[in-house]
Amino acid sequence: MIEKGLLIVLSGPSGVGKGTVRKEIFSQENTRFEYSISMTTRAPREGEVDGVDYFFKSREEFEELIKQGKLLEYAEYVGNYYGTPVDYVRETLEKGRDVFLEIEVQGAKQVREKFPDGLFIFLAPPSLGELQNRIVTRGTESEELIRNRMNAAKAEIEMMDLYDYVVENNKVEIACEKVNSIVQAEHCRRERVEKRYKKMLEVE
Ligand SMILES: Nc1ncnc2c1ncn2[C@@H]1O[C@H](COP(=O)(O)OP(=O)(O)OP(=O)(O)O)[C@@H](O)[C@H]1O
Ligand SMILES: Nc1nc2c(ncn2[C@@H]2O[C@H](COP(=O)(O)O)[C@@H](O)[C@H]2O)c(=O)[nH]1
């Protein structure tokens with residue numbers, strides 16, 4: 001069996017705290033994941049840096065990437081394209097490194113079809129009221145965009161059953177601990193399967 005990295009997908013509605021949880025996990029010294037930077041046609045927010053937060057693209061550039069098959073998944077979300085670069089993900093997994101995607105649910109569904117062995121975690125808000133409160137407090141979206149994102153959130157929350165795990169983001173540190181534990185448990189499970197498989201091959 002070829003040793004490959006684990007594909008970890010963190011998904012959930014806008015404003016639930018995916019970015020906050022991901023940044024906290026990546027700031028921890030023992031983190032072994034590689035973050036896949038997404039492509040988007042959304043305009044950069046204040047402080048966002050091209051190649052760090054996203055690869056910012058025009059619609060034409062993005063549609064060209066779709067045509068060339070350069071995206072593992074992509075979705076049109078509230079008027080903008082978002083997508084995951086396929087080469088980076090495949091090359092990093094081949095090196096045996098874990099890849100961490102932070103994406104919305106339409107994209108996560110596509111990844112599940114291509115990587116059924118991935119680990120899919122849904123980050124859930126304590127309530128819709130708190131979700132709205134977080135998007136409003138972040139202060140990055142207009143009232144209209146907040147309404148659109150909240151409408152999308154209701155449909156996204158209905159999809160949480162499709163995930164391997166649901167983690168409620170009430171306290172950031174606890175949500176991070178849970179995500180880390182889920183990943184660790186998945187690695188242990190894989191090691192056990194691998195050992196059993198090797199043993200079986202020895203016997204034959
Ligand atoms: N557990 C939490 N308790 C209170 N506030 C939180 C919590 N987690 C995140 N936040 C705040 O909620 C807001 C949204 O968080 P964040 O930007 O990480 O969400 P997101 O899911 O990545 O959003 P998007 O999908 O739109 O990128 C931020 O202002 C963040 O500081
Ligand atoms: N399907 C994908 N969704 C993505 C990707 N990168 C980010 N996202 C998600 O889009 C929404 C909106 O993001 P924002 O930065 O404009 O707030 C959010 O849920 C992100 O997680 C991607 O590559 N593919």
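The values are calculated or read from the model by the stated rules, or taken from the named source; none is laboratory data. The structure presented is a predicted model; accordingly, all values stated were derived computationally and were not measured. Cβ atoms come from the backbone with ideal geometry, glycine included; neighbour counts cover every protein chain shown.
Can you pull out every residue in region 1-38 that is at pLDDT 95 or above and of a type in the set (D, E, K, R)? Selection gives 18, 22, 23, 24, 34.
Check region 41-56 and report whether any residue there is farther than 24 Å from residue 135 by Cβ, more than 11 Å from ligand 2 (Cβ to nearest atom), touching a strand residue (DSSP E or B) at 6+ places or on another chain (Cβ under 8 Å) and not β-branched (Val, Ile, Thr). No: zero hits. Just to verify a result, which residue in region 36-81, among those that are among the small types (Gly, Ala, Ser), over 17 Å from the mean Cα position of the chain (by Cα) and within 15 Å of ligand 1 (Cβ to nearest atom), is farthest from residue 98 (Cα to Cα)? The extreme case among them is 79. Pairs are defined by a Cβ separation below 9 Å, a sequence spacing of at least 6 or placement on different chains, a first member in region 120-132 that is more than 15 Å from residue 156 (Cβ to Cβ), and a second member that is crowded, with 22+ Cβ neighbours inside 10 Å and of a type in the set (S, T, N, Q); the pairs so defined are 126/169.
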